1. Here are some conditions: (1) within 18 Å of the chain's Cα centre (by Cα); (2) more than 17 Å from B:Asp165 (Cβ to Cβ). B:His93 meets all but one. Which one does it not meet?
2. Condition first: within 14 Å of another protein chain (Cβ to nearest Cβ) and loosely packed, with under 15 Cβ neighbours inside 10 Å. Now tell me which residues in segment A:29-49 satisfy that.
3. Conditions: (1) modelled with pLDDT of 95 or more; (2) in contact with an Asp or Glu (Cβ under 9 Å, 6 or more places away or on another chain); (3) buried (at least 16 other Cβ atoms within 10 Å of the Cβ). B:Ala220 meets all but one. Number of the miss?
4. Within segment B:134-198, considering only helices (runs of 4 or more DSSP H) that don't extend past its boundaries, which have at least 2 residues that are over 29 Å from A:Val170 (Cβ atoms)?
5. Identify, from the list B:Ala207, B:Ala155, the residue that is within 14 Å of another protein chain (Cβ to nearest Cβ), farther than 24 Å from B:Asp24 by Cα and surrounded by fewer than 17 Cβ atoms within 10 Å (Cβ to Cβ).
6. Just to be sure I understand, how many residues within segment B:7-28 are more than 14 Å from chain A (Cβ to nearest Cβ) and either in a loop (DSSP other than H, G, I, E, B) or buried (at least 20 other Cβ atoms within 10 Å of the Cβ) (or both)?
7. For residues that are more than 22 Å from B:Gln204 (Cβ to Cβ) and aliphatic (A, V, I, L, M), scanning just segment B:85-94, find the one that is farthest from the other protein chains (Cβ to nearest Cβ).
8. Could you tell me which numbered condition B:Glu129 fails, if it satisfies all but one of (1) within 14 Å of chain A (Cβ to nearest Cβ); (2) at pLDDT below 95?
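The values are calculated or read from the model by the stated rules, or taken from the named source; none is laboratory data. Computed from a predicted model, the values in this text were never measured in an experiment. Methodologically, a virtual Cβ is constructed for each residue, glycine included, from the backbone with ideal geometry; neighbour enumeration extends over all protein chains shown.
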Number of protein chains: 2
Amino acid sequence: MSLSLVRSQAPVTRRDAVVDALRDAIVTGALEPGAFLRETALAAQLGLSATPVREAMGVLQAEGLVEIEAHRHKRVTPIDLAATRDLLEVQAHLWRLGYVRGMPHVTPAQLRALRGEVERYARVISGGEESQPAGRLEAIRASHAFHTAVIAAAANSELLRVTLDRLALVARFILLRGGSTINPAGLRLHQAILAAITIGDQEQALAHFDSLAARMIALADPAASAPHITGD
Amino acid sequence: MSLSLVRSQAPVTRRDAVVDALRDAIVTGALEPGAFLRETALAAQLGLSATPVREAMGVLQAEGLVEIEAHRHKRVTPIDLAATRDLLEVQAHLWRLGYVRGMPHVTPAQLRALRGEVERYARVISGGEESQPAGRLEAIRASHAFHTAVIAAAANSELLRVTLDRLALVARFILLRGGSTINPAGLRLHQAILAAITIGDQEQALAHFDSLAARMIALADPAASAPHITGD
DNA sequence: TAGTTATATATTCTATAGAATGTATGGCGA
DNA sequence: TCGCCATACATTCTATAGAATATATAACTA
């Protein structure tokens, strides 16, 4: 189980290795949202000096996973519901653009890749692992790889970059706070999108994608996520 | 003349100061596209050590202004026409989303700010500075501040961030390669958008914005930018 | 006692030196 | 003459120590 979707192929510098390690820890929640990050302490834990750790922080800051206050401290970005809603809305919008541009150019090989990702998602559900962190992460990775593969077909370098940019941040929220998206209904939507793309019905594929996006965005809806708001 | 639109308010660290200095140099072309950047040489020029220079490179890489090849070299990102077309398309799409979301919430104060930016653009044209680098940069800044102000009204933190993210890269291309957008016709489109927003006609404002965006994207059209392609 | 200033402490930020890596030059062999 | 290997060089990358900055604690004054 890894987060290779946004991981560097083979980290050639210690900095990249630290980035990968910390990203994994943050996305899985091993480093909890809001946790303070001290350079020297982390360096000691990882068995290297503070320099590459410090540089890794800059990368993670660009990905939205770490917040830095100059001369004060660094911390894992807390999960803010309003900010997450904004994030998911923009991400969904960019994904949708990627679908519109990418679907017409999906090759048979890419279609097989899409099928593979859906099967990966399906294995999690059929195995009943949808309530375990490992299974949930696997399903999220499959879903993200699915969307990314469609977008890649658009052959727009900037569109691919901007969608990959905050993918880890999206994954963290869904993994740690988005309980209800990874389930049979979510699987069916992926299957429906795949089926529509396979027969070339892009309109229907988009419709199913919109349903999926709406479900995702709803995760950051205060009304749904804070049901006890009227309790006191 | 500065690039304050993407500049840190008051650089509290040397790293931030270097980022601002290098960003300015890259956007204005003082550091030419493709130029190699050596840490120690730049540090010596700026009168400080290599460490903050090196960290600044990471930030500029995230902004797309610098390309880094591990253990080899760093360079100012070359201007690639295909990549720029992708960039402008995505940027235009995000701006458009910002217009749709932001326009309904523009306050009178923000409207005055928009008017101020259009006047700034107008002063460049009426002063005949549209062919000089300084004037061109001023007009680009006014235009970008205009779009950004509309988007800010949408109050979507992620949308604002993602549009500001690569603003310097967009500005550089238009400044160094986008000869024809800064002119009376460009000014008129800004004025038309402003007028439409002022009277609350968002449909028409969007139509004018689309014209503006199309003109911008056309700058990266190979056919238009390489007219001598049939000459030999 | 409340507020302010000075001091101590912790952490980041920067400078510097050395280690690691990649490229180019020159020599060797076929 | 061409290809391959070793060596020298340049540059990045990392480690370490010291400087700068912010916070907390304690002493002092009104």
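1. B:His93 satisfies every listed condition except (2).
2. A:Ser49
3. Going through the list (1) modelled with pLDDT of 95 or more; (2) in contact with an Asp or Glu (Cβ under 9 Å, 6 or more places away or on another chain); (3) buried (at least 16 other Cβ atoms within 10 Å of the Cβ), B:Ala220 breaks only (1).
4. Output list reads B:167-177, B:184-198.
5. Working: B:Ala207 fails: within 14 Å of another protein chain (Cβ to nearest Cβ).
Criteria check complete, one pass: B:Ala155.
6. Within segment B:7-28, residues that are more than 14 Å from chain A (Cβ to nearest Cβ) and either in a loop (DSSP other than H, G, I, E, B) or buried (at least 20 other Cβ atoms within 10 Å of the Cβ) (or both) number 5.
7. So, considering only residues that are more than 22 Å from B:Gln204 (Cβ to Cβ) and aliphatic (A, V, I, L, M), the one farthest from the other protein chains (Cβ to nearest Cβ) is B:Leu88.
8. Every condition holds for B:Glu129 apart from (1).
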